[in-house]
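Colleague: The structure follows.
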Amino acid sequence: MSKGSVPRHLLELARDASAPYPLTAAGRRARFGDCRDHPIERGQIWRATWDDVRLLVLVTDVEHAEIDAVPVTLDPGAEDAESVVLEPALTAFGVGVTLWVGLRTTLPFRVLDEIIDEIPDQIAGWVTAAMSVSRLPTPEGVQVGRRRATLFDSSVTIRAEVEDGLEALRATPALPVGKRPEKSTRTLASILGRAVDLNVLVGALSRQGFSQSDVMSLLRGKRPLTPDMVDAVARVTGVEPTLIAEAVQPLPAEFVEEVDHPRWRPLWRERVQDEGLDEATARLRVSYEMFALAARQTGSRTPDWSARLAQFRRSRNEPETS
């Protein structure tokens, strides 16, 4: 869903001094602590975002780095026969909330932004059960949505906007995940051979912020080559992109599951602001930088990526010592 459509009501509420205290930044911190670091659980309402897409979603189940999600809107009267409406007392929004149960879907963690609210556990359980079992007694404060009156009902437009938003969120690019992490990756130097002119390669990659020492590390496999660099290397070497792509090291699944968590989104957004990148490219580059640093740490054979990345985050917030 684009800016200026359904979810704008939440943003306007949160920025407005008259917004219910639980929805303000201070109120959400008081309820949930770090609104991005909070454990993702059933019954929570999160803001899901990517580029100019904004949606509210109710978490109905969690599986690894994915959620089963039901989209949420706050427009009075926006509902259909496949939705349910919660009365204002059941949420912090102060208005009726429509859960579009008929549009439930699976979304990756990477699109989640901040936790906004949560609904009573018994209501969340009922919504989850009602997806597969019909004719369950409706809890107090919950109403089944009405059928649209005509094809020109505003609910038709809002549902279509929600569907578009969900499609965009599902299509967000994932990080490359290695299926066989024990398989070694070819170095870029072994692929390029005599085709590489170091000065030309440094010149091409300097536009992406790489120094000569960075490029040397890329060639030797000491710094991971990212997928977004393949075409740039291919253009200046004449080597087929499919061959160069063999030097791209996939990321371990456990590492990707950790960096998919919304606690890491501020890092991507810093890079977006600093370098004018889109979030997908910023996330790709910073994830490989984090992996390169975390992978060098000593430890057990199976790395504790959560602990290693926590150390990475702490190091960013600690002043450098001489």
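Colleague: Residue under question is Thr24, and the condition is that it be out of contact with any Lys or Arg (no Cβ under 6 Å at 6 or more places or on another chain), of a type in the set (S, T, N, Q) and modelled with pLDDT of 95 or more; does it hold?
Modeller: Working: out of contact with any Lys or Arg (no Cβ under 6 Å at 6 or more places or on another chain): yes; of a type in the set (S, T, N, Q): yes; modelled with pLDDT of 95 or more: no.
No, not satisfied.
Colleague: Please go through region 164-179 and pick out each residue that is of a type outside the set (A, V, I, L, M, F, W, C), surrounded by fewer than 16 Cβ atoms within 10 Å (Cβ to Cβ) and at pLDDT 90 or above.
Modeller: Of everything in region 164-179, those that are of a type outside the set (A, V, I, L, M, F, W, C), surrounded by fewer than 16 Cβ atoms within 10 Å (Cβ to Cβ) and at pLDDT 90 or above turn out to be Asp164, Glu167, Arg170, Pro173.
Colleague: Another one. Sort out which residues of region 211-258 are touching a strand residue (DSSP E or B) at 6+ places or on another chain (Cβ under 8 Å) and either closer than 30 Å to Thr49 by Cα or of a type in the set (Asp, Glu) (or both), and write them in order of number. Full working, then the answer.
Modeller: Of region 211-258, the ones touching a strand residue (DSSP E or B) at 6+ places or on another chain (Cβ under 8 Å) are 218, 224-227, 230, 233, 244, 247-253, 256.
Residues satisfying the conditions are Pro224, Leu225, Thr226, Pro227, Val230, Val248, Gln249, Pro250, Leu251, Pro252, Ala253, Val256.
Colleague: Condition first: free of Cβ contacts under 8 Å to residues at least 40 places away in the same chain and in contact with a helix residue (DSSP H, G or I) (Cβ under 7 Å, 6 or more places away or on another chain). Now tell me which residues in region 241-266 satisfy that.
Modeller: Pro241, Ala245
Colleague: Further question: Only one of (1) in contact with a Pro (Cβ under 7 Å, 6 or more places away or on another chain); (2) within 30 Å of Ile115 (Cβ to Cβ) is not met by Val230, so which one is it?
Modeller: (2)
Colleague: For region 193-233, give me each residue that is within 21 Å of Leu284 (Cβ to Cβ), outside any helix (DSSP H, G or I) and out of contact with any Phe, Trp or Tyr (no Cβ under 6 Å at 6 or more places or on another chain).
Modeller: If the condition is that a residue be within 21 Å of Leu284 (Cβ to Cβ), outside any helix (DSSP H, G or I) and out of contact with any Phe, Trp or Tyr (no Cβ under 6 Å at 6 or more places or on another chain), then Gly209, Phe210, Ser211, Gly221, Lys222, Arg223, Leu225 are the ones that fit.
Colleague: What's the number of the condition Glu182 fails, among (1) modelled with pLDDT under 95; (2) surrounded by 19 or more Cβ atoms within 10 Å (Cβ to Cβ); (3) among the acidic types (Asp, Glu)?
Modeller: Status for Glu182: all satisfied but (2).
Colleague: May I pose another question? Would you kindly identify the helices (runs of 4 or more DSSP H) lying entirely within region 234-304 that contain at least 2 residues that are loosely packed, with under 15 Cβ neighbours inside 10 Å, assigned by TED's automatic domain parsing to the domain that holds Gly209 and at pLDDT below 85?
Modeller: Numbers: elements: 241-244, 253-259, 265-275, 279-295.
The qualifying helices (runs of 4 or more DSSP H) are 279-295.
Colleague: Just to be sure, is Leu107 buried (at least 16 other Cβ atoms within 10 Å of the Cβ) and among the hydrophobic types (A, V, I, L, M, F, W, C)?
Modeller: On the way: buried (at least 16 other Cβ atoms within 10 Å of the Cβ): yes; among the hydrophobic types (A, V, I, L, M, F, W, C): yes.
Spelling it out, Leu107 is indeed buried (at least 16 other Cβ atoms within 10 Å of the Cβ) and among the hydrophobic types (A, V, I, L, M, F, W, C).
Colleague: Here's another thing I want to ask about it. So for region 25-33 (the condition being crowded, with 17+ Cβ neighbours inside 10 Å and either under 26 Å from Asp153 (Cα atoms) or of a type in the set (S, T, N, Q) (or both)), does at least one residue qualify?
Modeller: Looking through region 25-33, none of the residues is crowded, with 17+ Cβ neighbours inside 10 Å and either under 26 Å from Asp153 (Cα atoms) or of a type in the set (S, T, N, Q) (or both).
The values are calculated or read from the model by the stated rules, or taken from the named source; none is laboratory data. Keep in mind the model is a prediction, meaning the values are calculated, not measured. Positions of Cβ are backbone-derived with ideal geometry, glycine not excepted, and every protein chain shown enters the neighbour counts.
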